[in-house]
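The values are calculated or read from the model by the stated rules, or taken from the named source; none is laboratory data. Keep in mind that what you see is a predicted model, and the values were worked out from it rather than measured. Glycine gets a Cβ as well: all are built from the backbone with ideal geometry, and neighbour counts include every protein chain shown. To get the accessible areas, we keep the full protein, side chains included, count just its heavy atoms, and leave off ligands, DNA and RNA. Shrake-Rupley method; radii C 1.70, N 1.55, O 1.52, S 1.80 Å.
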Amino acid sequence: MSTQTSNGEDEQIKKINEKVVKQIEYYFGDMNLMRDKFLKEKIQEDDGWVTIETMLKFNRLKQITDDSKVICEALKSSSELVEVSENGDKIRRRPDKPLPGDTQERRDEINNRSIYAKGFPLDAKLDDLMSFFETYGPTENVFMKKEFHKKTFKGSVFVVFKNKEDAAKFISEEETKYQDSVLEVKKFKADYFKDKQAARKSKGNKKEDKSKPQEAEKNTEEEESEKARQQMTRNAVLFLKGMDPETSREEIKTFFAPHGDVGWVDFDKGSTEGYLRLKEANSAEPTLEKARKAGDGKIVIHDKELEVRVVEGNEELEYWKKMFREIAERHDKKKKGGRGGPGRGGKNQRGGKRGRGGYQGKRRQNRRKDDGDGDSGAEDNDDDDEPKCKTVKTDSD
């Protein structure tokens with residue numbers, strides 16, 4: 001009996017170790033590290049080394065284990081990509097395995113082994129999907145598309161295989177089943193975006209409105225997502241639900257200020273839901289934990305107990321895409337004449353500023369850079385310059 005118990009424990013330890021190595025190699029792998037701004041900044045601080053304490057701020061790793069010794073032992077015994085420091089408190093990507101350059105050739109190579117698939121059960125789990133795709137060959141990334149507000153799986157995924165032959169094998173299979181369901185759509189990722197772009201263009205041609213499309217509509221969904229990933233401040237947004245309609249933005253900011261560096265409270269007064277954006281990457285979970293600890297496990301604002309969670313995954317990406325899109329639209333309006341509009345005393349026109357007629361000298365040199373073009377972690381202190389929260393519609397596929 002004791003032998004069976006021992007074998008069972010050994011098998012469990014082995015599974016945990018495999019998950020740890022796979023997850024950390026994903027973080028330090030080519031796909032993630034090329035676009036993970038936070039991790040790249042940490043790597044530059046200490047000759048490539050990142051503390052285990054920092055890595056445990058990543059939720060998915062923490063869900064596997066929060067034991068630093070387990071993480072170190074797993075990497076020492078099995079990882080060919082990541083090494084552990086002598087003291088066992090830091091890890092880094094091995095210097096003899098440098099990150100490839102972010103060239104067009106490299107992006108094309110990744111696209112050639114990236115696929116889109118649709119028709120999965122809405123209750124499918126990431127681990128199950130990863131196991132399914134790896135029956136066709138090793139993968140670098142499995143991305144589940146999710147609804148923005150509901151945070152529910154849409155039944156479609158993007159997958160990057162390590163080899164283009166495995167991607168082609170999956171696409172060319174005549175009838176692909178996941179569990180008992182036949183997948184509805186399978187195509188290369190590049191073809192998916194071409195088809196989406198063609199559908200949008202066709203839809204636009206049918207409309208009688210010949211007005212100039214907005215700038216965001218000129219870019220493909222892929223380009224917009226990639227830009228957001230590069231500029232977003234990761235793990236820095238909290239979703240708040242159950243607020244009293246009379247709650248003010250200032251009340252929310254004042255409540256969380258002692259627990260984290262608040263950048264912006266994103267909601268309309270009268271709404272019962274909203275977002276809190278923090279200035280520092282990976283500060284959402286620590287801020288939430290501190291706030292709960294101070295309130296005996298509860299978040300109570302305006303005499304109402306709130307449901308608060310960290311915004312992650314596709315929901316996080318869609319939040320930042322929406323924010324950057326609104327900022328771009330706002331700046332575009334300013335370029336067209338600001339609030340005054342053409343011929344109505346706009347900012348750069350004569351008499352445009354009340355009480356400041358006459359000479360309109362050069363713009364101040366210390367104006368901040370356009371939002372979305374610089375480091376998104378550097379928040380502006382002028383809260384009134386932020387866009388109001390709007391509902392974001394996501395594609396059905």
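Enumerate the strands (runs of 3 or more DSSP E) found wholly within the range 93-208, keeping only those where 3 or more residues are β-branched (Val, Ile, Thr). Please lay out each step first, then the result.
Details: elements: 114-118, 139-146, 153-161, 185-188.
Fully inside the range 93-208 and qualifying: 153-161.
Of the residues 267, 255, which single one is among the hydrophobic types (A, V, I, L, M, F, W, C), open to solvent by 40 Å² or more (accessible area, probe 1.4 Å) and more than 22 Å from residue 225 (Cβ to Cβ)?
Details: 267 fails: open to solvent by 40 Å² or more (accessible area, probe 1.4 Å).
The unique qualifying residue is 255.
Looking at the range 95-108, can you tell me whether even one residue there is open to solvent by less than 60 Å² (accessible area, probe 1.4 Å), under 24 Å from the mean Cα position of the chain (by Cα), of a type in the set (Lys, Arg) and closer than 25 Å to residue 286 by Cβ? I'd like the intermediate steps shown before the answer.
Step one: of the range 95-108, the residues open to solvent by less than 60 Å² (accessible area, probe 1.4 Å) are 100-101, 106.
This time we only want the ones that are under 24 Å from the mean Cα position of the chain (by Cα), so: 100-101, 106.
Now restrict to residues that are of a type in the set (Lys, Arg): 106.
From what's left, closer than 25 Å to residue 286 by Cβ: none.
No, every residue in the range 95-108 fails to be open to solvent by less than 60 Å² (accessible area, probe 1.4 Å), under 24 Å from the mean Cα position of the chain (by Cα), of a type in the set (Lys, Arg) and closer than 25 Å to residue 286 by Cβ.
Within the range 5-12, is even one residue in a loop (DSSP other than H, G, I, E, B), at pLDDT below 95 and not hydrophobic (A, V, I, L, M, F, W, C)? Before the answer, list the steps.
We begin by selecting, within the range 5-12, every residue in a loop (DSSP other than H, G, I, E, B); these are none.
Scanning the range 5-12, I find no residue that is in a loop (DSSP other than H, G, I, E, B), at pLDDT below 95 and not hydrophobic (A, V, I, L, M, F, W, C), so the answer is no.
On the given criteria, is residue 24 closer than 23 Å to residue 143 by Cβ, of a type in the set (A, V, I, L, M) and assigned to a helix (DSSP H, G or I)?
Values: closer than 23 Å to residue 143 by Cβ: yes; of a type in the set (A, V, I, L, M): yes; assigned to a helix (DSSP H, G or I): yes.
Spelling it out, residue 24 is indeed closer than 23 Å to residue 143 by Cβ, of a type in the set (A, V, I, L, M) and assigned to a helix (DSSP H, G or I).
Go through the residues of the range 283-290 one by one and say whether even a single one is open to solvent by less than 10 Å² (accessible area, probe 1.4 Å) and of a type in the set (S, T, N, Q).
Yes, that holds for at least one residue.
Taking interchain pairs and intrachain pairs at least six residues apart, which have beta carbon atoms under 8 angstrom, with the first residue in the range 47-72 and within 16 Å of residue 83 (Cβ to Cβ) and the second in a loop (DSSP other than H, G, I, E, B) and open to solvent by 50 Å² or more (accessible area, probe 1.4 Å)?
Between residues of the range 47-72 that are within 16 Å of residue 83 (Cβ to Cβ) and residues that are in a loop (DSSP other than H, G, I, E, B) and open to solvent by 50 Å² or more (accessible area, probe 1.4 Å), the close pairs are 48/95; 51/89; 52/89; 68/89.
Here are some residues: 200, 277. Which one is surrounded by 14 or more Cβ atoms within 10 Å (Cβ to Cβ) and modelled with pLDDT under 90? Please lay out each step first, then the result.
Working: 277 fails: modelled with pLDDT under 90.
The unique qualifying residue is 200.
Across the range 163-177, which residue is most open to solvent (accessible area, probe 1.4 Å) among those that are closer than 16 Å to residue 114 by Cα and polar (S, T, N, Q)? If you could, list the steps in order and put the result at the bottom.
Kept after step one, since they are closer than 16 Å to residue 114 by Cα, are these residues of the range 163-177: 163-173.
With the extra rule that they be polar (S, T, N, Q), the set shrinks to 163, 172.
On the way: 163: 67, 172: 87 Å².
If we take residues in the range 163-177 being closer than 16 Å to residue 114 by Cα and polar (S, T, N, Q), then 172 is most open to solvent (accessible area, probe 1.4 Å).
Please go through the range 47-64 and pick out each residue that is surrounded by fewer than 16 Cβ atoms within 10 Å (Cβ to Cβ) and assigned to a loop (DSSP other than H, G, I, E, B).
Scanning the range 47-64 gives 47, 56.
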